[in-house]
Every structure is written in structure tokens, then in C-alpha cells.
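Enquirer: Quick one: structure below, then a few questions.
The values are calculated or read from the model by the stated rules, or taken from the named source; none is laboratory data. Quick caveat, the model's predicted, so the values are computed rather than measured. Cβ atoms come from the backbone with ideal geometry, glycine included; neighbour counts cover every protein chain shown. We work out accessible area using only protein heavy atoms, side chains counted, and drop any ligands, DNA or RNA first. Shrake-Rupley method; radii C 1.70, N 1.55, O 1.52, S 1.80 Å.
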Amino acid sequence: TIRNHNGMITVQSEKEKGAIFDIFLPVSAHRLPEEEQPRERMAIGKGSILFVEDEKWICDIGKQMLEAMGYSCLTAQNGRSALEIYEEKRHQIDMVILNMVMPGMSGGETFGRLIKVNPKIKVLLSSGYGMTEEADEILQRGCSAFIQKPFSMNELSQKVSDVINLN
């Protein structure tokens, strides 16, 4: 069958050492079709988001990502600052993206205080530690959704769209 494809086989053999078979086939002129990868579409939206993250560089990148999606974005680097901003501008803020693990006031404590200000607040909880018992407990207290860091822009856009459109 190798000859049917205009190929050839060479064999080298040494007693008690084994054999080496080389198979040569010509290069095909036919190209394989490329598989199309389904493309995730970035969700574009509008509204205002408070992004709470203790790492300044993540806060800056998150803000840029959200603004590229069409949202206006306020940032806070700790729970206390987030509460101050939310209390002052809560009628302008459509949702909060809240880091779970922060020094000082944790994401869980911050969420507890935010929900006292507005029981219908929409909060997307984020963490680099994955879905833990603590994250599950915060979700059971009324947090809207969870996203694990690091996240892509498409993942973030879909989660934000889902949460911001909750009734």
C-alpha cells in the first residue's frame, strides 16, 4: 500500500539489535480544512459598575475592560471605600463586582454591609481561589453570581451582562 501512494520503505537490521524501518511518503498537495473554532462574543452593555479590588493593577485593568464593554466604572481598593462610594452614588450604580479576599474588610463583610444599604443590590463576586465554602455562603446570602479570576474579557462581559440584566 505504500507503493500505491508513491512511497517507499527502507529497512536497516542488525542481528540481536533489532530493525529500523523508515517510511517515506510524498507531500500531499491537498490541504486539510481548518477547524472553525466557535468564537465567544463579547457582550456590550450600558450602565455603571463599582469594581472593588485591592490590587491596584487588577483594578485598573478591570476598569479598562468594563469601559471597553460600554460601561462606566467606579473603582474602590477596599471594602470601606466601596461602602462610601456606594452609599453616596447608589442610585447611579447598577451593579458591583466585589473581590472576595481583601485585607481589612473582607468581601463577605463588605457584601453584608452593601446588602443592608440596598437589599436588591446586584453583586458579582470574584475570587482567585475558586468556589469555596465562603463563596457559596455569600451566594446563599443573596449575592448574584460568581466569577473566578483570572477571567477573560469575554467571560467577564457575559457574567456582567447576566447580572446587570437580572430582575
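Enquirer: Hey, what does the equivalent ellipsoid look like for segment 68-145, semi-axes from the Cα gyration tensor as sqrt of 5 times each eigenvalue, largest first, whole Å? Don't jump to the answer; show the numbers that get you there.
Expert: Details: eigenvalues 71, 38, 33 Å².
Three semi-axes, in Å: 19, 14, 13.
Enquirer: Can you work out the Karplus-derived ³J(HN,Hα) for every residue in segment 70-82? Use 6.51 cos²θ - 1.76 cosθ + 1.60 with θ = phi - 60°, whole Hz, and x for glycine or proline.
Expert: x, 8, 8, 9, 9, 10, 9, 9, 7, x, 4, 4, 4
Enquirer: Follow-up. Express the Stokes-Einstein translational diffusion coefficient of the chain in µm² s⁻¹, to the nearest whole number, given a Kirkwood radius over alpha-carbon pairs, 20 °C and a viscosity of 1.002 mPa s.
Expert: Values: Rh = 19.1 Å.
Once the numbers are plugged in, D ends up at 112 µm²/s.
Enquirer: Between ASN167, GLN77, MET105, whose Cα lies farthest towards the positive end of the dipole of the chain when Lys and Arg beta carbons carry +1 and Asp and Glu beta carbons carry -1, centred on the Cα centre?
Expert: ASN167
Enquirer: If you don't mind, another one. Under 5 Å between amide H atoms, partner at least 5 residues away or on a different chain: which partners does ILE97 have, H built in plane at 1.01 Å?
Expert: LEU50, PHE51, VAL52, LEU124
Enquirer: Per residue of segment 123-138, what does 6.51 cos²θ - 1.76 cosθ + 1.60 with θ = phi - 60° give for ³J(HN,Hα)? Whole Hz please, x for Gly and Pro, Karplus curve as stated.
Expert: Per-residue couplings from phi come out as 10, 9, 7, 10, 7, x, 8, x, 7, 9, 4, 5, 5, 4, 5, 5 Hz.
Enquirer: Quick one: which residues, 5 or more positions from ILE147 or on another chain, have an amide H under 5 Å from its amide H? H modelled 1.01 Å from N in the peptide plane, none for Pro or chain starts.
Expert: LEU125, SER126, SER127
Enquirer: If I model a spin label at GLN92 and ASN167 as a point 7 Å from the Cα along the Cα→Cβ vector, what separation in nanometres do I get?
Expert: It is 2.9 nm.
Enquirer: For the chain, what does -39500 (n - 2.57) per DSSP helix run (n ≥ 4), summed and divided by total residues, give at 222 nm, in deg cm²/dmol to the nearest 500? Please report the intermediate quantities before stating the final value.
Expert: Numbers: 5 runs with 55 residues, N = 167.
Calculated from helices alone, the mean residue ellipticity at 222 nm is -10000 deg cm²/dmol.
Enquirer: Taking the Cα centre as origin and putting +1 on Lys and Arg beta-carbons and -1 on Asp and Glu beta-carbons, what dipole magnitude results for the chain, to the nearest 20 debye?
Expert: On the way: 19 positive and 23 negative charges, 77 e Å.
So the magnitude is around 380 debye.
Enquirer: Take every Cα pair under 8 Å in the chain that's 6+ residues apart, average their separations, divide by the length, and report that relative contact order as a whole percent. Don't jump to the answer; show the numbers that get you there.
Expert: Working: 247 pairs, mean separation 30.3, N = 167.
It rounds to 18 percent for the chain.
Enquirer: When all protein chains stay in place, what accessible area (Å², nearest 10, 1.4 Å probe) is found for HIS5?
Expert: Rounded to the nearest 10, that gives 120 Å².
Enquirer: Another one. Give me Rg/Rg_expected for segment 45-102, where Rg uses Cα atoms only and Rg_expected = 2.2 N^0.38 Å with N residues. Show your work: numbers first, answer last.
Expert: Numbers: Rg = 10.5 Å, N = 58, 2.2 N^0.38 = 10.3 Å.
Cα-based Rg divided by the globular estimate yields 1.02.
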